[in-house]
Amino acid sequence: MQRNLSAWLPSFARGSQTPSSRTPPRSLSPEKKVPGNDPPPTAFRDIFPPSVRENLPARVKTLASGDLTPNNVIPFETDYRKADSSTYTPMGVTIGEVKSLGDFPDYSKLNGVPLPQPYKEFKLETAIARPYRPFRWAYHQTMSLNKLEPDWWLELENTYKKTVADREQLFKKHGKLVLNYLPGSELGCKEIMEHALQFYCARYPQFFSLTSSKTKGHVFHNRILGTETIIKDMHPLHVLLHNVPEDFAVMLRNPEDGMYYFRAGLLCSSLGWNVDTKLGMQLKDIHQPIPDYKEKMEFSMDRYVIPPFPFAPPIISQPSLSIPTRAPLTLHTNSYFSKLPPSRPIQRGSWGLEIDTPLFMPPGDPHELHRSHQLPNLPLSRIHLRVDWQTLRRLPLSGAIIFNFKALFTPIQEFRDEPYIPALVLKILNEGKESIMQYKNTWHVEHVAKPALEGWVEEQEREGLVERGWEVRTLEESPWFPGWEGKWRGRQGF
């Protein structure tokens, strides 16, 4: 099974009877009407992302010589450190300006996304991720993305030490299957590493800091692990591997055709594929196995939103909001990517049901056998919700598109006291489109999960946790549920 990122339609409220807790940011809506499905008369080689030149500090800004054109952009496979200073990145910034900025510039000013506020009440020993429940009904293959919450981009959990160690072991065992990069990705890899470390230092200053000296350069201090990382001595993706337990894919624009390609990745949470099987591919070649992609998502997703990078099963939205598609995938993908500014990072979640907690499962992994049959004596305690919480952003200097995600596992027994969640999941399992449910691979646990969900639905109605006979719809609190914050904080002791 491959996991994918889909995209960007507003969630539906269930109605005024739904209890409310803190409501997440309102979904960002695409354009309401498409003038037609014919491919736009556009040469993407000549279209560039929104420039960030106006955000450059005065000390590094030079007098640009001429306009940005395909002929003066840094070649696709060229290391920016060896490029001519007068050449441009796709963001309208010269290589000379990039070099003048140095290491760890103030990205909050460059991209317009504020740094997070310090998390003062955070306790690592009890920390758990927020209880994401990205369930939606009605169940059609369209899109669902929200504006990224700047404070919650990278969440620490009480399993931080173990997760970092597990990911290091995965790299030791699998090497380039989980971490690899191609020439020309150097600046994009550097940028996302610096973004992540700056976020950690701002959000969790009690655990992380950056210092600089003439001999060592920048040093990242990790007080959880008791380590110091000399940045210049290590590839940026290895810095992330040893400190940030999340996955990152770097997609870069090829100046020869204006298309986006997967050029570098640190991905320890993929199911049924690996970095090496996809590295170097154009986006249109990555998405072939996704059900309904061509019929229902190609136009809407690729023109307005992000392509479904194959990391998580497709998320579902309302049929009334789906957009018919006929136009070629590649054109509309790049139409959106060419317009995405660094100031508009986005987030979403996708989900599946798993036996135990498989993190990395390359083709042929023994765990795949679980998906081929239903274990007759499968304990309910072994069934977990897997949520891949995902973000997408453009970097301000390289123009790279960064997709990152984190796999979160929750025993489905947690659903029992979560209002409306059992009914939503049961509805999807019973009535979701067959091809999509096969793609999500839930069948192997349904013989145990469905009876449990049915019992919890009846229990919630009997005890008044939900109103009897309510119409199953996407919750107002999506991707959470009524009362989620009280449960989450209670588990952490604050």
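Looking only at residues in the range 150-204 that are among the aliphatic types (A, V, I, L, M), open to solvent by 30 Å² or more (accessible area, probe 1.4 Å) and more than 24 Å from T410 (Cα to Cα), the one that is modelled with the lowest pLDDT is L177.
Residues in the range 366-406 that are more than 30 Å from Y181 (Cβ to Cβ), out of contact with any Leu (no Cβ under 8 Å at 6 or more places or on another chain) and not in a helix (DSSP H, G or I): H373, Q374, L375, P376, N377, L378, P379.
Against the conditions (1) more than 18 Å from W480 (Cβ to Cβ); (2) open to solvent by 10 Å² or more (accessible area, probe 1.4 Å); (3) touching a residue at least 60 places away in the same chain (Cβ under 8 Å), where does I402 fall short? Just the number, please. It is condition (2) that I402 fails.
For first residues located in the range 478-491 and under 18 Å from V387 (Cα atoms) and modelled with pLDDT of 95 or more, partners that are assigned to a helix (DSSP H, G or I) and of a type outside the set (D, E) and lie 6+ apart or on another chain with Cβ distances below 8 Å form the pairs F481/I421. Restricting the range 430-453 to residues that are in contact with a helix residue (DSSP H, G or I) (Cβ under 7 Å, 6 or more places away or on another chain) and at pLDDT 95 or above leaves a set whose member that is surrounded by the fewest Cβ atoms within 10 Å (Cβ to Cβ) is K450.
Between P57, P105, which is buried (at least 16 other Cβ atoms within 10 Å of the Cβ) and not β-branched (V, I, T)?
Working: P57 fails: buried (at least 16 other Cβ atoms within 10 Å of the Cβ).
That would be P105, the only listed residue that is buried (at least 16 other Cβ atoms within 10 Å of the Cβ) and not β-branched (V, I, T).
When residues of the range 229-266 are filtered for being part of a loop (DSSP other than H, G, I, E, B) and either without any contact (Cβ under 8 Å) to a residue 12 or more places away in the chain or touching a Leu at 6+ places or on another chain (Cβ under 8 Å) (or both), how many remain?
Here is the first cut: in the range 229-266, the residues part of a loop (DSSP other than H, G, I, E, B) are 234-235, 244-246, 254-259.
Cutting the leftovers down to either without any contact (Cβ under 8 Å) to a residue 12 or more places away in the chain or touching a Leu at 6+ places or on another chain (Cβ under 8 Å) (or both) gives us 234, 244, 246, 259.
Looking only at that region, the number is 4.
Going through (1) charged (D, E, K, R); (2) in contact with a strand residue (DSSP E or B) (Cβ under 6 Å, 6 or more places away or on another chain); (3) open to solvent by 50 Å² or more (accessible area, probe 1.4 Å); (4) touching a residue at least 60 places away in the same chain (Cβ under 8 Å) one by one, R136 falls short only on (3). Taken over the range 473-494, residues that are open to solvent by 30 Å² or more (accessible area, probe 1.4 Å) and of a type in the set (V, I, T) amount to 0. Tell me yes or no: at least one residue of the range 184-207 is part of a strand (DSSP E or B) and either within 26 Å of I74 (Cα to Cα) or touching a helix residue (DSSP H, G or I) at 6+ places or on another chain (Cβ under 6 Å) (or both). No, the range 184-207 contains no residue that is part of a strand (DSSP E or B) and either within 26 Å of I74 (Cα to Cα) or touching a helix residue (DSSP H, G or I) at 6+ places or on another chain (Cβ under 6 Å) (or both).
The values are calculated or read from the model by the stated rules, or taken from the named source; none is laboratory data. All of these numbers come straight from a predicted model, not from anything done at the bench. Using ideal geometry, Cβ is built from the backbone for each residue, glycine included, and neighbour counts are taken over all protein chains shown. Keep in mind that these areas ignore ligands, DNA and RNA; they rest on the heavy atoms of the full protein, side chains included. Shrake-Rupley method; radii C 1.70, N 1.55, O 1.52, S 1.80 Å.
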